[in-house]
Amino acid sequence: MNKRSIALYLTIIGLLLILVSGWYISAFVNQDAESITFDGTRAYEDVRAQVEMGSRAPGTEGHAQVVEYIRAELEAAGWIVEFHNSERMGHPIQNVIAKRVDSAPLILLGAHYDTRFVADHDPDQSKRAEPVPGANDGASGVAVLLELARTLPADSVPVWLVFFDAEDNGRIEGWDWILGSRAFVEEVEVSPRAMVLVDMIGDADLNIYLEKNSDEKIRAEIWLTAEELGYGDQFINEEKFSMLDDHTPFLEKGIPAVDIIDFDYPYWHTVSDTTDKVSAESLHAVGDTLWHWVTSQLP
Ligand SMILES: [Zn+2]
């Protein structure tokens, strides 16, 4: 072998090395990009798992099961889980708080995990004493928060995920709406830059209008993010409903809060609020929007 062929030989080996290492690095980068993407299908599995537990109304077996499920999923995703225990109107309240690091939240994302005792809005009168399955009203918001826990990068601004208890039993003797979030705001000292609530966001026919009481600036930011991601059909840039929901106690305390809710849901508080009414695509549209909005926040 002469000098020239040795040089050629080394050049070929060098090029091959560059090629192989390039492929190797790109394979890893792609894998990373995939693992941090919000997965609507995985969120849909969280909806299914919750509905299989039956009623998650306060005091039921399903209520205890869903708390355990939320805790286990959050811990598996590397979050610190704490419970805020309290009592309202003689009922125990258990809110679940998740944080990645032990610091105050800049952003607080919330959802209620309980379901309504009775389907008193069902068109069939004989079914109005049955519990609500809560695939959309309960499970969908929890599912989006759990999938965000799995996918938000560890270096995002400090986020708390709060799963509220006892939201959904207003107009029932001895109960009221939003007991869990009221207890939380009254007893847990937080002053986040923004509180964002997700409630009933899994409807396969998703139409989320601007909620009238929500903070206008943050509302606009989130709707713009959705539009940029191609979810302009699901996030409609018009006001429609005015809600009393878990964002209300935050607003009353002066914390900018937004309610992301699709209140055009024909199965609301009926026995037909089941998994077939919810879609992975809808969960993805909301989760992906929140993922991008949170990760765009500057410290
Ligand atoms: Zn409800």
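For (1) touching a strand residue (DSSP E or B) at 6+ places or on another chain (Cβ under 9 Å); (2) within 16 Å of the ligand (Cβ to nearest atom), each residue gets a yes or a no:
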{"site": "LEU109", "(1), (2)": "yes, no"}
{"site": "VAL118", "(1), (2)": "no, yes"}
{"site": "HIS121", "(1), (2)": "no, yes"}
{"site": "ALA129", "(1), (2)": "no, no"}
{"site": "ALA139", "(1), (2)": "yes, yes"}
{"site": "LEU145", "(1), (2)": "yes, no"}
{"site": "LEU148", "(1), (2)": "yes, no"}
{"site": "ASP155", "(1), (2)": "no, no"}
{"site": "VAL159", "(1), (2)": "yes, no"}
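Restricting region 176-190 to residues that are open to solvent by 40 Å² or more (accessible area, probe 1.4 Å) and in a loop (DSSP other than H, G, I, E, B) leaves a set whose member that is farthest from PHE250 (Cα to Cα) is ASP176. Here GLY287, GLY254 are screened, and the one residue that is among the small types (Gly, Ala, Ser) and in a loop (DSSP other than H, G, I, E, B) is GLY254. For region 88-118, filtering for residues that are touching a residue at least 24 places away in the same chain (Cβ under 8 Å) and either over 24 Å from ALA49 (Cβ atoms) or assigned to a helix (DSSP H, G or I) (or both) leaves 11.
Residues are listed down the side, and each one gets a yes or a no for (1) among the aliphatic types (A, V, I, L, M); (2) away from the ligand (no atom under 16 Å from the Cβ):
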site	(1), (2)
ARG171	no, no
LYS212	no, yes
LEU224	yes, yes
TYR231	no, yes
PHE241	no, no
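So, HIS284, is that one open to solvent by 10 Å² or more (accessible area, probe 1.4 Å) and at negative phi or not? Judged against the criteria, HIS284 is a match. For region 216-248, residues that are within 23 Å of GLU186 (Cβ to Cβ) and buried (at least 21 other Cβ atoms within 10 Å of the Cβ) total 3. Could you go through region 270-281 and let me know if any residue there is more than 27 Å from THR115 (Cβ to Cβ) and assigned by TED's automatic domain parsing to the domain that holds GLU186. Taking every residue of region 270-281 in turn, none turns out to be more than 27 Å from THR115 (Cβ to Cβ) and assigned by TED's automatic domain parsing to the domain that holds GLU186.
The values are calculated or read from the model by the stated rules, or taken from the named source; none is laboratory data. Because the structure is predicted, anything quoted here is derived from the model rather than measured. Please note: Cβ atoms are built from the backbone with ideal geometry, for glycine as well, and neighbour counts cover all protein chains shown. To get the accessible areas, we keep the full protein, side chains included, count just its heavy atoms, and leave off ligands, DNA and RNA. Shrake-Rupley method; radii C 1.70, N 1.55, O 1.52, S 1.80 Å.
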